[in-house]
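What follows is a single structure, written as structure tokens, with notes after it.
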Amino acid sequence: RFTDEDKEFVALSVVGIDANGLVTGLPDCLNNPIPLPGDGACVLPPTPVSSDTTELQPYVNLSYDWNDDLMTYVSYSEGFKAGAFTQRVFPPALATPTAGPEYVKVYEGGFKSSWFDNRVRLNGALFFTDYTDLQVNVNQPTGTGGGTVIGTVTDNAASAEILGFELEMTALPIDNALIQLGIGYLDAEYVSFDPTKAIANLDLTDDLINTPKWNINLSGQYEYNLGEMGTLTPRFDMSYASKTANDSANHPLLIQKSYALLNLSMTWRDNNDAWSATVAGNNVTDKTYLVTGFAGSGIIEGVYGLPSTWSFTVRRNFN
């Protein structure tokens, strides 16, 4: 894959900082982006900054069919995440802070198989992911007028590794019944930090964001035949995630402990598959859980998942 990606950012806000450090809308802000000490200044100067990345990245896959029911494979791939701009800074910065791209290499091996006359499908994968030039928060001088006030910006200053595996199974144990099971494991860790940069609120013992060690999901359904009245299919979906960090600094109030969710549904279909009706409940146990969060500047914010919700849907298919 060849990628040529160009990004540009320019701050056109007239919000400024006066000589006393107070936020103000200075009329000459855009005309005075780099002031002398004590003068008013833009929070970010209106000077365009860019991130230009040109990458040629390989993907190699070698697979072998041992028989009609078993295939194994190994693969190698590379990828990147484009550079980034710190668009919200305080104190004001003489230039928009810019981070370069981060890179990843992925090594994977696995299998795909079927058993018991295709009534069970079992797939698995073992993978190792190597991140370099990871974009993380660092502390650096950002004050205008030659000051040494420290601000937090995004920069390439870390490396990390993830070793994990996935197993997924789909089974038809008896007629009209379906069971699905998925298990994922991640051993994710920071490997090193750039010693020349002041990493902000982060150390090698911290968990990577949104990387629980265990993810498990289980689903099941059974289709009841109602004769001329069609079919009725009850279904359940369960999911489990172990402890999860919702911010890179692993603030205790943003650590989500292990939790499980349960969804239920019941679907009726006519014999021609023209009409269907479904009543469904998500998070039926009304579990309270965090999905993301932020901690900084004395503020802690969290976003929670939806509470118990119910729906009724009617569909008409025109085939």
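The values are calculated or read from the model by the stated rules, or taken from the named source; none is laboratory data. Just so it is clear, the model here is predicted, and its values are computed rather than measured. Glycine gets a Cβ as well: all are built from the backbone with ideal geometry, and neighbour counts include every protein chain shown. Just the protein is used for accessible areas: all its heavy atoms, side chains included, with ligands, DNA and RNA removed. Shrake-Rupley method; radii C 1.70, N 1.55, O 1.52, S 1.80 Å.
Can you tell me what the convex hull of the Cα atoms of region 179-297 projects to on average, as an area in nm²?
Working: hull surface 42.7 nm².
The Cα convex hull of region 179-297, projected and averaged over all directions, gives 10.7 nm².
Ignoring ligands, DNA and RNA, what percent of the 1.4 Å accessible area of region 213-319 is carbon and sulfur? Walk me through the numbers on the way to the answer.
Values: 3970 of 6930 Å².
In region 213-319, the share of accessible area belonging to carbon and sulfur is 57 percent.
Quick one: accessible area per residue over region 124-230, 1.4 Å probe, rounded to a whole number of Å²? Walk me through the numbers on the way to the answer.
On the way: 5840 Å² over 107 residues.
With all protein chains present, region 124-230 gives 55 Å² per residue.
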message: Compute the orientation-averaged projected area for region 199-252 from the convex hull of its Cα atoms and round it to one decimal in nm².
response: 5.3 nm²
- prompt: Which distance in Å, rounded to a whole number, links the C-alpha centroids of region 254-293 and region 173-224?
  reply: 20 Å
statement: Between the modelled labels at R315 and E168 (7 Å from Cα along Cα→Cβ) the distance in nm is 1.9 nm
Set of aspartates and glutamates with alpha-carbon distance to K243 below 17 Å, sequence-local pairs under 8 removed: D187, E189, D206, D207
query: To the nearest 0.05, how large is the calculated FRET efficiency for M71 and K257 if R₀ is 41 Å and r is the Cβ-Cβ distance?
result: 0.60
- prompt: Which number comes out as Rg/Rh for region 101-249 once both Rg and the Kirkwood Rh are worked out on C-alpha atoms?
  reply: 1.22
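Want the number for M229 to N139: 0.36 nm per residue separation, take away the alpha-carbon distance, what's left? Mind dumping the intermediate values first?
Values: separation 90, 0.36 × 90 = 32.40 nm, distance 6.69 nm.
Net length gain for the segment: 25.7 nm.
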- request: Quick one: go through region 91-123 and flag any residue whose amide nitrogen is under 15 Å from the point 7 Å out along the Cα-to-Cβ line of V60.
  value: 105-109
message: Under 12 Å from a point placed 7 Å out from the Cα of D117 along the Cα-to-Cβ direction: which residues of region 154-188 have their backbone N that close?
response: 174-175
- prompt: What spacing in nm lies between the two simple spin-label points modelled at Y304 and L218, each 7 Å away from Cα in the Cβ direction?
  reply: 2.7 nm
task: On the full set of protein chains, 1.4 Å probe, figure out the accessible area of F111 and give it in Å² to the nearest 10.
output: 60 Å²
field: Per residue accessible area of region 248-316, 1.4 Å probe, in Å²
entry: 65 Å²
- prompt: If you wrap a convex hull around the C-alpha atoms of the chain and split its volume per residue, what is the figure in Å³?
  reply: 210 Å³
